[in-house]
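Below is one structure; the comments refer to it alone.
The values are calculated or read from the model by the stated rules, or taken from the named source; none is laboratory data. The shown structure was predicted, so the numbers you read here are calculated from the model rather than taken from an experiment. Positions of Cβ are generated from backbone atoms using ideal geometry, with glycine treated the same way; all protein chains shown enter the neighbour counts. In case anyone asks, the SASA skips ligands and DNA or RNA and just uses the protein heavy atoms, side chains included. Shrake-Rupley method; radii C 1.70, N 1.55, O 1.52, S 1.80 Å.
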Amino acid sequence: MAWVTPVIYLHITLFLFPLEMGHASEQDSRVLEATAPGDIIIGGIFPVHEGVDKDKDNSSFAPHLQPCIRFEERGLVKVLAMISAIEMMNKSPLLADANITLGYRILDSCSDVSTALRVTADFIQRVECHAESNTCSQPVMAVVGASYSEMSIAIARQLTLKMIPQISYSSTAVILSDKNRFPAFLRTIPNDENQTAAMASLLSAYGWNWVGVVTMDGNYGLSALDHFVSQATEKGICVAFKSILPQSVTSQDVATAIKHTATTILNNAKVKVVVSFARPTLMMHLYQELKDQMLRMGHNMESMRRVWVASDSWSSSSSVIKHTTLEDIGHIVGFTFKSGDLSSFNEYLSRLEAAGHDYTGNNTFMQEFYRQLSARKGSGDDELASEGVKALKGHTDADTVFSVEMAVSAIAQAVASICRSRDCKTPGAVQPWEVLKALRMKGFKLREKSYEFDSSGDINLGYDVTMWRSDGGNIHVHDIVAEYHPHRNNFTLTNHITTQQLRDLKHIISKCSNSCVPGEFKKTAEGQHTCCYECINCTENYYSNNTDMDQCLSCDTNSEWSPEGSSSCFPKTLLFFSWQNGFAVVLLTFAALGIVLILLVSALFLHQRHTPVVKAAGGPLSQIILFSLVISYISAMLFVGRPNSLQCKARQVLFGISFTLCVSCILVKTLQILLAFQFNPELQEVLRRLYQPYVIISICVALQAATCICWLVLKSPFNHIIMHPTTLLEDCHEGSYLAFGVMLGYIAVLAFVCFLCAFKGRKLPQHYNEAKFITFSMLLYLISWLLFVPVYVTTSGVYLPAVEMVVILISNYGVLSCHFFPKCYVILFKKEQNTKSAFRKNLYEYSNKTTEVVSVSAVTNCRDRSSCTSLRRGSVIRHCLRRTNSI
């Protein structure tokens, strides 16, 4: 009694009310059908009419069959495709070996869910009736259909009660892939999730990110809309508007909805791409409304042009532009299911044409078709069949015919696999659920190609991408330009590609905002679509290297920089006081010249080492001074070039010690002069005891060396990089500026002592007097280094090392010019003054001057003139003798 519950349910829902043509309550309507006997009956549900007349008998509350209206030739083609496929299978060896034939019972859904449910109830009634007695007609073992997802969802719930397998050829709603809710539903096409993914990929490939969507209010339209929006968002595509039309073309709200949709499309001028999941008839009315509005507003028809991305529901229906032209509406890019060979179907149509219009058999669809064709065309009986076949061929969709053929082939081969092991001619020998099991477990073949349903009950072969084109007024919709492979999510161009068509599409821009070029980023206002934005220049040290970037990327400010609005980062220029710098070349030239001059002076002094001038210049000390100046010049050269750690440590230490050695030697010479010409016997005696030249030099240099060692050990100079906005300055950091100051201060103290001592002896014998030159050289040194301090503190950049280098060169040249050049002049050009006799003469002249000065002083201060005079003369004479011996 397992069947009692479903029967009660069907009676409650009134699905078993009058279904046959002769019932009293339906005398004003006829049920169109196509039937053929066979051992196994296959049911078919096709939308041969576009709707039902819901206004008729609207006041009646009794259940009644509403009459179907608006005969659709495209639906008839689907019916004939099923009949053709069944006849082809009956002739195949497959069914002959199983000793069975297939029959069919095909009914019209009239594109209406209620009508489709009545049709389904008829199929289920036959199964239940057959189970109760053998007097009923043969049961339906499988159903091919329905066309629209909303109908398939409705009838799938009914067929699942008896597990009657249902194979759809065009219902693509994703929900139907759920086998928990629809275990008996199968289809020979992929679901909408694959189609919407393909659409999103196409839009992304062409850079169209501002699109509109037109869909329907049924399960198919809303499901497709949801999946498309989700997948488009993932690819950065925004939906500018969503227009939802009534699914039923006979709905009272259709005209208003279409008018509103047309207005929305025209008001969104930036939306140049519209994706549509609507039915062909709805699209036809939409195009007509668009044209009418453009004409009423007096606008150019070009403003109406768009790229229309057509779903499988209308991508092959050329009738949608019946009242307009392709030039008016723009480009249509369609997604169609994979198509097959139409040769067998065309042969079937040829047989119909040869048989004439009277050969309609038990196919009332063909009877109505010929009746309407005759009324419309007014053709004679001989021409009617030819006109009919020609019209049918014009509405033939290769992908739909192929899908129907696959459905029939799958059922036939499933039945054949069952009937090989049993006698299927016996009533009740095969149950629908057995056919369903065979369909799910086994694959099938069609024209030597193998197919099988996946775990979701789908066959996913991908899509063909077509482009419509106009050729002399005729619309051709089968220009396949690409194939979409869902498993790889990519497109493959076909051999039929029209390059001009694709080139035209690339020129179309459908964006809310212009693309932000490299160097800019998108700034979206709050509450706006992410595709509507303004382009802002990247700030300094930020860049964008692609179009439409959401944010700028940061440069590595340690080594890179970028100006405002940059598309890339630039390496920061590494700066240092390089050898190629013009100023550096000048300073290096002076340093090299100084070394050359020192070598020449040293050679000259060595050659003239026994002359009075060289001896008066210090003798061996002069060579030490010259050596220290060479080291000082070398240390100045270390301020040029890319600094490294060793160079930073060496340049200051070399200068500090070398110039300390130089000043120490000058100090010794100054003390020597004071000692030689000091007339105070007591002070002279003290100076003589303290005067130890090499000890003094060693102590002075040792103190400076100790300072430098502490500096190097505790906080030594090092090379470092100073980061500027666009450059990197590599320089030496002195480590401890205190130590640096102590080093320079120590040299300054020595120089100041030299200056005081030399100033005291500035009036000594003119020709051999070094005190004046020492005074000038030390004064020059002190002034230059006093100026160095503020300049060094306030200077930055690549020329900072040059500041100290200049001061070092000034100091070196000051010593060289004041201490050695006058001596060289005497040696080379005043040789008569470089003799002992000349020297003694100059010395005695100085002594006489000194004697006169002392005499005047003695006369003034001595009361005893004789004793003072004798004292003065004896003292001066003895001192002169000592000077002579000293010098």
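Summary of computed values
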quantity	calculated
Distance between modelled label sites at ASP341 and THR494, nm, 7 Å Cα→Cβ extension	1.7 nm
Formal net charge of residues neighbouring GLU483 (Cβ-Cβ distance under 15 Å; K, R +1; D, E -1)	-2
Surrounding net charge for LEU574, when Lys and Arg each add one and Asp and Glu each subtract one, Cβ distance under 9 Å	+1
Under the Debye formula (equal points on every Cα, no solvent term), log10 I(q)/I(0) of segment 544-692 at q = 0.13 Å⁻¹	-0.80
Peptides 198-208, 810-820, 604-614 ordered by average Cβ neighbours within 10 Å, highest first	810-820, 198-208, 604-614
Convex hull of segment 158-277 built on C-alpha atoms - directionally averaged projected area, nm²	8.6 nm²
Per-residue HN-Hα couplings for segment 777-788 [Karplus 6.51, -1.76, 1.60; θ = phi - 60°; Hz; x = Gly/Pro]	5, 5, 4, 4, 5, 5, 5, 4, 7, 5, 6, 4
Estimated distance in nm for a label pair at HIS507 and LEU690, the labels positioned 7 Å out from Cα along Cα-to-Cβ	10.1 nm
Greater than 20 Å apart at Cα, pairs in LYS242/LYS522; LYS322/LYS377; LYS78/LYS242; LYS78/LYS425	LYS242/LYS522; LYS78/LYS242; LYS78/LYS425
Amide H contacts under 5 Å for THR494, placed H, 5+ residues apart	ALA482, GLU483
Mean Cβ neighbour count within 10 Å, used as a protection proxy, ranking 320-326, 523-529 highest first	320-326, 523-529
Segment 207-228 residues near the modelled SER515 label - backbone nitrogen below 13 Å, point 7 Å along Cα→Cβ	207-209
Under the Karplus curve 6.51 cos²θ - 1.76 cosθ + 1.60, θ = phi - 60°, whole-Hz ³J(HN,Hα) for segment 142-150, x wherever Gly or Pro sits	7, 10, 9, x, 8, 7, 9, 4, 4
Residue-level accessible surface for TYR104, protein heavy atoms, 1.4 Å, Å²	20 Å²
Segment 133-198, accessible area per residue, ligands and nucleic acids excluded (1.4 Å, Å²)	26 Å²
Solvent exposure, largest accessible area first (probe 1.4 Å, DNA, RNA and ligands not counted), of TRP579, TRP314	TRP579, TRP314
Cα-based Rg of segment 514-585 normalised by 2.2 N^0.38 Å, two decimals	1.57
Charge dipole of segment 213-341 about the Cα centre (unit charges at C-beta), most positive-ward option of THR264, ILE332, VAL320	THR264
Percent accessible area from carbon and sulfur atoms, segment 682-840, protein chains only, probe 1.4 Å	72 percent
In Hz, Karplus ³J(HN,Hα) per residue of segment 286-296 (6.51, -1.76, 1.60; θ = phi - 60°; x = Gly, Pro)	5, 5, 5, 5, 4, 5, 5, 5, 4, 5, 5
Computed FRET value (nearest 0.05) for LYS235 with CYS710, which takes r as the C-beta separation and R₀ as 60 Å	0.30
Surface share of carbon and sulfur [accessible, 1.4 angstrom probe, percent] for segment 305-438	46 percent
Extended-chain gain in nm, criterion 0.36 nm per residue less alpha-carbon gap, GLN551 and ILE634	24.5 nm
Out-of-range pairs (alpha-carbon distance over 30 Å; input LYS272/LYS449; LYS772/LYS831; LYS91/LYS449; LYS54/LYS390)	LYS272/LYS449; LYS54/LYS390
Surface share of carbon and sulfur [accessible, 1.4 angstrom probe, percent] for segment 185-262	47 percent
For ASP53, solvent-accessible area (1.4 Å; no DNA, RNA or ligand), Å²	50 Å²
Computed log₁₀ I(q)/I(0) - Debye formula, equal Cα scatterers, no solvent, segment 607-724, q 0.12, 0.14 Å⁻¹	-0.58, -0.72
THR325/GLU383 FRET efficiency (R0 30 Å; Cβ-Cβ; nearest 0.05)	0.55
In Å², nearest 10: area of LEU661 left accessible to a 1.4 Å probe	40 Å²
Over 31 Å between alpha carbons, listed pairs LYS235/LYS572; LYS615/LYS760; LYS259/LYS511; LYS760/LYS830; LYS179/LYS393	LYS235/LYS572; LYS179/LYS393
Label-point gap, in nm, between ARG296 and SER421 - each point 7 angstrom along Cα→Cβ	6.8 nm
Segment 210-227 residues near the modelled ARG157 label - backbone nitrogen below 19 Å, point 7 Å along Cα→Cβ	217-224
For segment 721-736 versus segment 624-670, the gap between their alpha-carbon centres in whole angstrom	24 Å
Surface per residue (accessible, 1.4 Å probe) for segment 713-828, Å²	46 Å²
Length added when fully stretched, PHE829-THR263, from 0.36 nm per residue minus Cα-Cα	192.8 nm
Using a Förster distance of 35 Å, the FRET efficiency for ASP53-GLN138 (Cβ separation, nearest 0.05)	0.65
Surface per residue (accessible, 1.4 Å probe) for segment 299-353, Å²	36 Å²
